[in-house]
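This report concerns only the one structure given below.
The values are calculated or read from the model by the stated rules, or taken from the named source; none is laboratory data. Please read these numbers as outputs of a predicted model, since none were measured by experiment. Don't worry about glycine lacking a Cβ; one is built from the backbone with ideal geometry, like all the others, and counts go over all protein chains shown. Just so you know, the surface numbers come from the protein's heavy atoms only, side chains and all, with ligands and any DNA or RNA stripped out. Shrake-Rupley method; radii C 1.70, N 1.55, O 1.52, S 1.80 Å.
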Amino acid sequence: MTAPSIRNVSEREARQVAEAAREQDWRKPSFAKELFLGRFRLDLIHPHPTPAVDDVRRGEKFLATLREFCENEVDSARIEREGQIPDETVDGLKALGALGMKIDPKYGGLGLTQVYYNRALSLAGTASPAIGALLSAHQSIGVPQPLKLFGTKEQKETFLPRCARTDISAFLLTEPDVGSDPARLATMAVPEGTDYVLDGVKLWTTNGVVADLLVVMARVPASEGHKGGITAFVVEADSPGITVEHRNAFMGLRGLENGVTRFHGVRVPAANRIGPEGAGLKIALTTLNTGRLSLPAMCVGSGKWCLKIAREWSAVREQWGRPVAKHEAVGAKISFIAATTFALEAVVDLSSQMADENRNDIRIEAALAKLYGSEMGWLMADELVQIRGGRGYETADSLAARGERAVPTEQMLRDMRINRIFEGSTEIMHLLIAREAVDAHLSVAGDLIDPDKSLADKGRAAAKAGGFYARWLPKLVAGPGQLPRTYQEFGRLSGHLRYVERTSRKLARSTFYAMSRWQGRMETKQGFLGRIVDIGAELFAMSAACVRAEHLRETGDHGREAQQLADVFCRQARIRIEELFARLWTNTDELDRKVVSGVLDGSYTWLEEGIIDPSGEGPWIADATPGPSTTDNVRRPIR
């Protein structure tokens, strides 16, 4: 049996829903937005912002407590072996206040800054990636963050004290046939008196198996007195009609409590609605502006661990009379891990501190941090496996059983792989960031390429665009990056910042040329847009690395070593950037499209001959027809 098509949506409607969910205005400056426009606003990130003394004291105190707990009470090997975080470990995290790291003390939380919240996740995630995922899903996208931003006074007073100490929360958006295209959302919330009645099925509900509170996205039908649209609700996980039908098992993150949740006739008080009807997606995206920083924070922790293992192993393992680290083929990998870890930590710390100061709009910075962190984190883990050789592919238990150190390198690789999919896949992040990067162009010239606009609208847009580009384009010709003494206060790193400034203008010129060339077809050029975004990510990382190195030099904290790492990273990044620029216009994108068409129409099925497909029987997408559950409830609250 195949899953019924619950909601058919045209491509245009899907775009309209996504566009309506975006934050339309830019009320604060954005370093990354300016970077894509060819304007290198170093003043927005330098001098490096610093946390308040009280925030540092409170944050460091908690980190020390968390470290002691993780070292003495967390058995990562047991979590991997049993596929579950022990209840006593979760209880211990609750007792520490780890569930309320970002919740205001007046609601029983710790009130940590974004900087220290991320450092705590990085620490906990190295002790056990499953614990990092549990804490992040609970606080970054679960009940606390949307209530902090959009909740009423009553909602905060009701739910935040519970989230701070006792109740685990989960975020439920994805459905069996709905991923990054929320226009097809099928779960319904029908108004009935002072309640809403929920029906539908949610998939990949991280924390959903053990959650006490849920943030659920559901579609409210438009009716008299109800605007309708996708809406957010806080839902008690033990409400009648909720069934956790299955706990999912994954390639990595074996301790992740992730499941399939069915709602059938679930009554939710209207008082539990977050924000107005129809605001659900905007709430979700706004929550993710800072929520996305938790994932790259854990990638930083992974990079640090990869560096530690690479250093220790490569110093003792010898080949041909020398430690393997002394061989250039291996040494290059170690250099990449060290330099990239430094840059990624710079990106996360800078973005987090900007989030704390709230002077800048960091929606692009956070998205770039997530994209860059997940891609580079995976590469670092993969390189560590290669450095370790056969031992990198062997499990920690097997290593220990034959008398060697139990280093879970292969587990790290499996655990890291999901980061390229979690909270927006790499492909979706490319499109999301690209849309924000070209926002200035679309705001002045969007009507020119909109087929539904009248000639009069197009005429007004042409006049508006002409004025904008007459002022903007000349500024892309020359800039401070061409002057040899610019940014001299950065010493040996000044040349890299001049490169960022020049390349930012080149990036903006390339984007403008592409829009002129393809116009309305620009959104279909996903390969091109992905490369544009990747160049911007590298430039952002270079900027953050240089600013962090200079900050460390000024404070006397490993300044010389930091400058060396920043220098190496920037040189590596510049090579990647030049390759990406070359591929903007010299690529196989058109040929790839033709091959894909041939694959889909069956032209190459002969190429698939000579294999055995070990896949089981069943539909590609499970049936998600609303109705009562026919399975046992596998929910297991931790109390």
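General observations
- Net charge contributed by nearby residues that have their C-beta within less than 12 Å of Asp75 (K/R +1, D/E -1): -3
- The stretch 63-221 - accessible surface per residue (Å², probe 1.4 Å): 33
- When the P(r) of the stretch 378-439 is calculated, the portion above 14 Å amounts to 63% of the C-alpha pairs.
- Here the stretch 399-417 and the stretch 522-601 have alpha carbon centers that stand 30 Å from each other.
- Using a probe radius of 1.4 angstrom, the carbon and sulfur fraction of the accessible surface of the stretch 187-226 is 58%.
- The stretch 240-280 - percent of accessible surface contributed by carbon and sulfur, probe 1.4 Å: 60
- The packing ranking of peptides 433-443, 57-67, highest mean first, is 433-443, 57-67, where packing means the average number of other beta carbon atoms within 10 angstrom of each residue.
- Taking the centroid of alpha carbons for each part, the stretch 302-352 and the stretch 171-207 are 43 Å apart.
- Split the accessible area of the stretch 289-379 by element, probe 1.4 Å, and carbon with sulfur accounts for 55%.
- Solvent-accessible heavy-atom area per residue, rounded to whole Å², over the stretch 536-638 at 1.4 Å: 65
- Ellipsoid semi-axes in whole angstrom, largest first, where each is sqrt(5λ) of the Cα gyration tensor of the stretch 93-137: 18, 11, 7
- The overall shape of the chain, judged from the alpha-carbon gyration tensor, is rounded, with an a/c ratio under 1.5.
- The spacing between the stretch 37-107 and the stretch 427-500, judged by their C-alpha centroids, is 37 Å.
- Global form of the stretch 362-489, assessed from the alpha-carbon gyration tensor, a/c cut-off 1.5: oblate
- Inverting the pair-averaged 1/r between distinct Cα atoms of the stretch 262-420 gives 18.1 Å as its Kirkwood hydrodynamic radius.
- Tensor-based shape of the stretch 460-529 (alpha-carbon gyration tensor, a/c under 1.5 rounded, otherwise prolate or oblate): oblate
- Listed pairs Lys102/Lys370; Lys227/Lys370; Lys227/Lys282; Lys148/Lys282; Lys61/Lys102; Lys304/Lys333 exceeding 22 Å between Cα atoms: Lys227/Lys370
- Each peptide among 139-145, 459-465 gets the average number of other Cβ atoms lying within 10 Å of its residues, and from highest to lowest they stand as 139-145, 459-465.
- Arg39 - accessible surface, heavy atoms, 1.4 Å probe, Å² rounded to 10: 90
- In this structure the stretch 258-361 gives 37 Å² per residue of accessible area when probed at 1.4 Å with all protein chains present.
- Dipole magnitude (debye, nearest 20) for the chain, charges at Cβ of Lys, Arg, Asp, Glu: 2120
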